[in-house]
Every structure is written in C-alpha cells, then in structure tokens.
Amino acid sequence: MKKMHVLMASGLALVMVGGGAIASAASNNSPAQPAGAAQAKLIAAAPIDTTTESKYTPIAPCRVADTRVAGGRLNNTTTRNFYLGGTTFFVGQGGKSGGCGVPTTATAVNVIITAVSPTHAGYLHVWRPTDTEPNASFMNYGTNFNASGTGSVGIATNGTVRIRNLTAITHLVIDVTGYYLAPMTAEVASNGNLVQGSRVATSFLIGATTSSYEVDFDRDVSHCAYAASSYFSGYDLTVEPRSGVPNGVFVLSTFDHTATADQFYLTVTC
C-alpha cells in the first residue's frame, strides 16, 4: 500500500499518494448533508476534462496490410476496411501476424499508406468506418513512382479504418508508426455508478458503511499515478491501487473523519 501524506493550504486538503497522486477536497461543510453537517452552498468542483488530448505512443514502423500479399488490388471506387488495431485478421490483409501492438481502444493511428503500381493517377479517402466519408483526399498518387501519404486516422472500436480508392486501380501497403489513447478518467456517483468516463471497465460501491469504491480500467494501473477530487465540498478522498486487482483503483470517501458516500472525479496517469 502506498504511503499517504496530508497537507493543509488555504483551507484545502491535499492528499499526496505514492507515485505523485493527489486527492483534494475543500475543508468547509458539505452540501451533501452528512449527519450533523450544517447547511452549505454547493461548490462546483472542477470536472474531468473530457477534451483532454489523447496521448501519442510511437512504435517502430510495422506493416498491417499489403494487398500484393493478400486481398488484391483496389479497383476504382472500391471501398475496403483494413485492421490497424487488435491482434487478429492481419494475415488475411497481408500484414504482420498478431498485429503491431495497437490496442483497439486507440482513438487514432498514425499511418503511412503507399500506392504501389497504380494504373494511372488516383486518390484515396481514408476515415473511421463509423464516421461519414470525407470529401478531402488522404493522398493523391500517380504512375511516376510509388507515392506515400502519412497522417493520423481515427479507427473504429474493432480497430478498423475504411479506405476508398478512386479513379485508378492500385495495390496498397499500410504501415503504422504510432497510436493515440484517450486518458483514463471517471466521474462516479455516490452509489458507485459511472456517470461518465474514458476507458472504464466498471465502477461500483464496495461497501456502503465504509464508503469505499472500486473503479476498474482497461489496463494494469497498479504502478500509475492517481488524482481524485470531490464533486462536493468538505470531503476527503484517499486513492490507491486496488489490492489484488491490477486494473483497479480504490477510493475511500470521508466527511469530518467519518465514512460518507460522495460523488467524485478520478484521473489515472501512466
């Protein structure tokens, strides 16, 4: 269990958790009205930032598709889905067996797409299958050389991207060089239900009498840093790894040194 240190500054309680985690709560009375607490005005806590940029993870260039090996050329107006994330279906599209280490939870993938031996000039549309096909081309190509285009493309939850070839017939080679993952965040209601979040597998109230919560994410977070803040004023939160559950985070809520249910925000940084 990580050590915890409590600091007081300007009426704010800061709970420092090993690995740099911080849990914070104002020290005045709570509007949630725990037993014996005076009436107090609700103070809007700073919620999780759902617009936070995804974190980029570079990888060594890795081939996920080569239509010369499998799948064949794309004809004019042909639309085809390609797997960029996950661990399956890559051999069937000419890529590396087992994939390139891109998780299906990635929000986007950085790719290099090369048009090989096209019949004449053409262009490609590339987009996330759940989105509307864009009007702009991802890349244009000709017959003088094998042209490549590079950029970031969003992928579906099954790890796929959609490509439409236009005006020519060509082979495609697709390499990935990195991927983006959304931050791990959660807003949890006092009953343990998830209000909103990113990459959360489950959240629940472990014990009503102890006001202890567990939030589980999509990866091992046992060596990560945690930051928690209360939705209400006057609560103190402690946060630490969940013993025996590597993907889990344990949050304990108290008010005036008494276990009291609370709505809170949680961010995990690895």
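The values are calculated or read from the model by the stated rules, or taken from the named source; none is laboratory data. Treat the numbers as computed from the prediction; the structure is a model and nothing was measured. For neighbour counting, all protein chains shown are included, and Cβ atoms are generated from backbone atoms with ideal geometry for every residue, glycine included. Keep in mind that these areas ignore ligands, DNA and RNA; they rest on the heavy atoms of the full protein, side chains included. Shrake-Rupley method; radii C 1.70, N 1.55, O 1.52, S 1.80 Å.
Summary table
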quantity: TYR123 accessible area, 1.4 Å probe, all protein chains in place, Å² to nearest 10; calculated: 80
quantity: Solvent accessible area, Å² - ASP220, 1.4 Å probe, full protein context; calculated: 70
quantity: Charge tally in the Cβ shell below 15 Å around ASN191, where Lys, Arg are +1 and Asp, Glu are -1, ASN191 excluded; calculated: -3
quantity: Where N is the number of residues in region 97-162, Cα Rg divided by 2.2 N^0.38 Å; calculated: 1.22
quantity: Summed residue charge, Cβ within 13 Å of THR202's Cβ, Lys/Arg positive, Asp/Glu negative; calculated: -1
quantity: Per residue solvent-accessible surface (Å²) - region 193-257, probe of 1.4 Å; calculated: 44
quantity: Contour excess over end-to-end distance, with Cα ends at ALA70 and THR143 and 0.36 nm allotted per residue; calculated: 24.1 nm
quantity: Protein-only accessible surface order, largest first, of SER222, SER243, SER137 at 1.4 Å; calculated: SER243, SER137, SER222
quantity: Where GLU214, GLU240 fall by accessible area, highest first, once all protein chains stay in place (1.4 Å); calculated: GLU240, GLU214
quantity: Average silhouette area of region 106-242, convex hull of alpha-carbon atoms, in square nanometres; calculated: 11.1
quantity: Total formal charge among the other residues, if their Cβ is under 11 angstrom from that of THR67, Lys/Arg +1 and Asp/Glu -1; calculated: +2
quantity: Exposure of HIS120 as accessible area (Å², to 10), given a probe of 1.4 Å and all protein chains; calculated: 90
quantity: Rg/Rg_ref, region 137-203, where Rg_ref = 2.2 N^0.38 Å and atoms are Cα; calculated: 1.79
quantity: Rounded to whole Hz, the Karplus (6.51, -1.76, 1.60) HN-Hα couplings of region 218-224, x for glycine and proline; calculated: 8, 7, 5, 10, 5, 10, 9
quantity: Solvent exposure, largest accessible area first (probe 1.4 Å, DNA, RNA and ligands not counted), of THR77, THR238, THR170, THR209; calculated: THR209, THR77, THR238, THR170
quantity: Rough spin-label spacing in nm, given labels placed 7 Å along Cα→Cβ, for SER243 and LYS96; calculated: 4.0
